[in-house]
1. Could you work out the relative contact order of the chain? I mean the mean sequence separation of Cα pairs under 8 Å and 6+ apart, divided by the number of residues, in percent.
2. Sort the following peptides by mean Cβ neighbour count (other Cβ atoms within 10 Å, averaged over residues), highest first: 52-62, 18-28, 4-14, 67-77.
3. Which percent, to the nearest 5, of DSSP beta bridges fully inside the chain are antiparallel?
4. Calculated from DSSP H runs of 4 or more alone, at -39500 (n - 2.57) each and per residue, what is the 222 nm mean residue ellipticity of the chain, nearest 500?
5. Per residue, how many Å² of accessible area does the chain show with a 1.4 Å probe?
6. Under a crude label model (7 Å from the Cα following the beta-carbon direction), how far is F18 from A5 in nanometres?
7. Using a Debye calculation, one point per C-alpha and no hydration shell, please list log10 I(q)/I(0) for the chain at q = 0.19 Å⁻¹ in order.
Amino acid sequence: MNELAFFAADFKEELSAFDGDLLWGQAEFVNDCIREILSHIKRGDGRASSVILIGHSMGGLVARATFLLPNYVPLSVDTIVTLNSPHR
C-alpha cells in the first residue's frame, strides 16, 4: 500500500518576487529538503524515488527553478503543481 506524506517549506515570508538571488536560494533549499525527505521515506521495495512539488504564487517559480540548480537530484521531482504563479 502506498502512503502519502506532506511536508512544507517555510520561507518566513521572504519576498522572493523582489530579489532573484533570494528565489535561487529558496530553490536550492527546496532541493536540499527533497534530498533529505527521500533519504528518510521508505517504500515496501526500498526508498521513495520522487516527490510532487506544489507551489503557490512565487513558490511555483521556486519549484520550477529547482531543476536548474547543480544540487538538483535527477528524477527526484515527479510532478509540479503551481497555483496562481506568474509564469509569464
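1. After rounding, I find 28 percent.
2. 52-62, 18-28, 67-77, 4-14
3. Roughly 25 percent of the DSSP beta bridges within the chain come out antiparallel.
4. Result for the chain: -10500 deg cm²/dmol, rounded to the nearest 500.
5. 75
6. Taking the simple label geometry, F18 and A5 are separated by 3.6 nm.
7. Debye output, listed in q order: -0.85.
The values are calculated or read from the model by the stated rules, or taken from the named source; none is laboratory data. What you see is a predicted model; the values in this text were computed from it and never measured. No Cβ is skipped: glycine too gets one built from the backbone with ideal geometry, and neighbour counts run over all protein chains shown. What goes into the accessible areas is simple: the full protein's heavy atoms, side chains included, and nothing from ligands, DNA or RNA. Shrake-Rupley method; radii C 1.70, N 1.55, O 1.52, S 1.80 Å.
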